[in-house]
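Readers should treat all values here as calculations from the given coordinates under stated rules, not as data from a laboratory. Predicted model only: the values in this text are computed from it and were never measured.
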Amino acid sequence: MNTFVDIAVAMSGVKDDLRRHEQWIRRSAGRFCFRGLIFGVCLFWTPVSLTAGQVWWPRVVAEYPHDAGAFTQGLLIHDGKMYESTGQYGASSLRLVDLDSGRVRRKKSLKAAYFAEGIAVHQGRIYQLTWRSHLIFVYDLSSFEQIKTVPYDGEGWGLTTDGVRLILSDGTSRIRFLDPETLTVMRDIRVLDGELPVERLNELEYMNGEIWANIWYQDNIVRISPEDGHVLGYIDLSGLAEKSKRGRENVLNGIAYDAAANRLFVTGKNWSTLYEISVMAP
Ligand SMILES: [Ca+2]
């Protein structure tokens with residue numbers, strides 16, 4: 001999600017690294033086998049838990065300018081308008097962004113003490129997480145006037161909504177469902193790929209009955225069942241990331257789905273391009 005080497009990352013340990021490595025091997029094997037099938041050379045092995053059918057690829061529909069100064073931590077579309085939350089201490093903001101030009105139409109800057117994270121819109125209000133301040137800021141959607149501040153436990157990374165509950169990630173494999181009024185936890189799930197937890201879940205988007213999540217330092221989006229947290233599949237966005245990354249921290253982050261128009265957008269931290277994509281199952 002944010003700065004350079006984080007202590008928590010360093011302490012996540014060999015077990016975590018082994019898990020990620022194993023996940024990578026299995027995913028790579030899945031891609032290899034799928035591509036191999038296309039060329040008629042992968043006839044001998046199919047990975048056990050991540051099949052080729054679970055990895056989707058993007059097709060770029062359109063490209064739009066994106067503020068390369070925006071350290072994107074939250075992205076969404078509501079009533080055809082794009083909203084963005086940017087992070088970093090001293091640079092955190094809530095923005096209304098013109099989709100076509102990338103220009104910022106309205107901006108609320110946060111105090112330097114706060115590192116902004118994910119955002120979600122619910123009933124005329126926009127909710128904005130802070131990384132480690134244990135606070136959610138609630139604003140009027142049209143004016144960005146702050147209505148209230150609500151405490152919550154743990155870190156805040158990604159936020160979205162299924163229309164009833166807020167859905168929150170905190171950098172682990174856990175996703176919490178919160179009551180939008182009280183911010184109390186109604187239920188939670190662990191995101192598992194087979195039996196392996198998927199850690200570092202970051203920016204979120206609820207779409208078509210699924211939760212989609214960026215994974216910090218990965219070029220994949222993971223599709224998650226909101227019912228029990230099992231992984232439904234991945235979208236491989238390594239091609240876009242290779243084009244857009246300018247440094248280690250400029251990772252893929254930001255998913256916005258316009259349900260009314262059935263349009264899907266992705267970007268990354270400090271990327272100069274916002275991509276409208278469609279995804280294709282093999
Ligand atoms: Ca989002």
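General remarks:
- Lysines with Cα under 29 Å of residue 108, excluding same-chain neighbours fewer than 8 positions away: 81, 148, 245, 269
- Taken one residue at a time, the phi angles of the range 195-202 give Karplus couplings (6.51, -1.76, 1.60, θ = phi - 60°) of 9, 9, x, 9, 8, 6, 5, 10 Hz. Gly and Pro are set to x.
- Cα gyration tensor shape for the range 54-280, rounded if a/c is under 1.5, else prolate or oblate: rounded
- The relative contact order of the range 54-280 comes to 21 percent, based on Cα pairs under 8 Å that sit 6 or more residues apart.
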